[in-house]
1. For the stretch 161-171, indicate whether the set of residues that are open to solvent by 10 Å² or more (accessible area, probe 1.4 Å), acidic (Asp, Glu), part of a helix (DSSP H, G or I) and under 23 Å from residue 317 (Cα atoms) is non-empty.
2. Looking at (1) over 15 Å from the mean Cα position of the chain (by Cα); (2) open to solvent by less than 10 Å² (accessible area, probe 1.4 Å); (3) of a type in the set (Gly, Ala, Ser), find the lone condition where residue 123 falls short.
3. Considering every residue within the stretch 288-302, establish whether at least one is touching a helix residue (DSSP H, G or I) at 6+ places or on another chain (Cβ under 8 Å) and of a type in the set (A, V, I, L, M).
4. Across the stretch 178-234, what is the number of residues that are in a strand (DSSP E or B) and either farther than 26 Å from residue 117 by Cβ or touching a residue at least 40 places away in the same chain (Cβ under 8 Å) (or both)?
5. Test residue 287 against the stated conditions and say whether it is over 20 Å from residue 90 (Cβ atoms) and either modelled with pLDDT under 95 or crowded, with 24+ Cβ neighbours inside 10 Å (or both).
6. Go over the candidates 247, 308, 281 one by one and state the one that is more than 15 Å from residue 46 (Cα to Cα) and either open to solvent by 40 Å² or more (accessible area, probe 1.4 Å) or part of a loop (DSSP other than H, G, I, E, B) (or both).
7. Answer yes if at least one residue in the stretch 18-32 is touching an Asp or Glu at 6+ places or on another chain (Cβ under 9 Å) and open to solvent by 80 Å² or more (accessible area, probe 1.4 Å), and no otherwise.
Amino acid sequence: LTDPEVEDASLEYYAYTQVAPNDPYYSSNWGHNNTAQLPVYTGGSHSGPGVGTVGWDSDAQLAWDQTQGYGSASIIIAIIDSGVDTAHPDLRLVTGYDYGDDDPDPMDDSAKRGHGTSCSGIAAAIANNNLGVTGIAGGCSIMPLKIADSAGDMDFTAIENALTHAADNGAHVISMSFGAEGGTGEGDIPTTDAVLEYAYAAGVVMFAATANANTSAIAYPSNHNKVISVGASSPCGQRKSTSSCDGETWWGSNYGVNTQDDQESVDIMAPTILPATDITGAGNGYDTSSDYYMWFNGTSCSTPYAAGVAALILSLNPTLTPAEVWTIMKNSATDMTIDG
């Protein structure tokens, strides 16, 4: 029927807000929400004008609006690295171990400290607690597995022990921001190959850094067939290279062969140069005057970011296999061309 009082009628639509955490450094994380806010590196620091392609990011706010929110505390990301600051108030930890010095304390306290603590914050610094930074999976938990000895050296026996520990003690995701370069690949360290296969069979999704030498070869174990290799993206939608827009001219993300799904190719790229957690207390970590570090870089930053994305996916559906998680990540990612 026609109502003479109504000139026109149309469907009603609804708008919805996107969740944004209240952590002080959240707005500085271009990986979560890119507003071209990363200060370009100039004159020895990130102090120049902001750079970036608005919208080139992980759409984190859209992800956090889903039913899993910032992630589930029952989903565990094992950070195999230099250790983790076990006293950091912005990290949710489960029991780990120190395989570098063979003791139960995985504190990030070697001669080369800080790296594992920063990786942990990228993956899962507690979200929306009005403190510090926001991990991509800021509701999930970190299992700190230290592989650095007191001198900061990381041997593959410790790596193998940490991988086995993660597989046997409930880790869902493993992040490995390290690697052996110089042509090392699957078959060269059979004992490590076997443990990677073991962890994958246990249902653990594994990520490893491709390295930062700006070359075509990617590091081991990122080139293992059961490991997802992670390269670094600049905020302008480029591969992070010596000439990308961020201004960090001294490094570039190793780029692998140009064949998708090849064992020697980069599987996925994730943000780098982001605010991260650092070792607490004066005189410690990368930033000796703060419990946070601006700006954590390298494929070391990108790898825990990708691992955190996997943890969010598993928070929504913890029954997914590693292959299913990878399919979801690959099919929802944006294709990049050579060198961005």
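1. Among the residues of the stretch 161-171, at least one is open to solvent by 10 Å² or more (accessible area, probe 1.4 Å), acidic (Asp, Glu), part of a helix (DSSP H, G or I) and under 23 Å from residue 317 (Cα atoms), which makes the answer yes.
2. Every condition holds for residue 123 apart from (1).
3. Filtering the stretch 288-302 for residues touching a helix residue (DSSP H, G or I) at 6+ places or on another chain (Cβ under 8 Å) gives 292-294, 296, 300-301.
Narrowing the set further to residues that are of a type in the set (A, V, I, L, M) leaves 294.
Yes, the stretch 288-302 contains a residue that is touching a helix residue (DSSP H, G or I) at 6+ places or on another chain (Cβ under 8 Å) and of a type in the set (A, V, I, L, M).
4. Within the stretch 178-234, residues that are in a strand (DSSP E or B) and either farther than 26 Å from residue 117 by Cβ or touching a residue at least 40 places away in the same chain (Cβ under 8 Å) (or both) number 13.
5. Working: over 20 Å from residue 90 (Cβ atoms): no; either modelled with pLDDT under 95 or crowded, with 24+ Cβ neighbours inside 10 Å (or both): yes.
No: the conditions fail for residue 287.
6. 281
7. Yes; the residues of the stretch 18-32 include at least one that is touching an Asp or Glu at 6+ places or on another chain (Cβ under 9 Å) and open to solvent by 80 Å² or more (accessible area, probe 1.4 Å).
Results for (1) more than 30 Å from residue 159 (Cβ to Cβ); (2) in contact (Cβ under 8 Å) with a residue 40 or more places away in the chain; (3) acidic (Asp, Glu), shown as yes or no for each residue.
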residue	(1), (2), (3)
8	yes, no, yes
44	yes, no, no
61	yes, yes, no
64	yes, yes, no
97	no, yes, no
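The values are calculated or read from the model by the stated rules, or taken from the named source; none is laboratory data. Everything numeric in this text was worked out from a predicted model, so none of it was measured. Heads up, the Cβs are rebuilt from the backbone with ideal geometry, glycines too, and the neighbour counts pull from every protein chain shown. We work out accessible area using only protein heavy atoms, side chains counted, and drop any ligands, DNA or RNA first. Shrake-Rupley method; radii C 1.70, N 1.55, O 1.52, S 1.80 Å.
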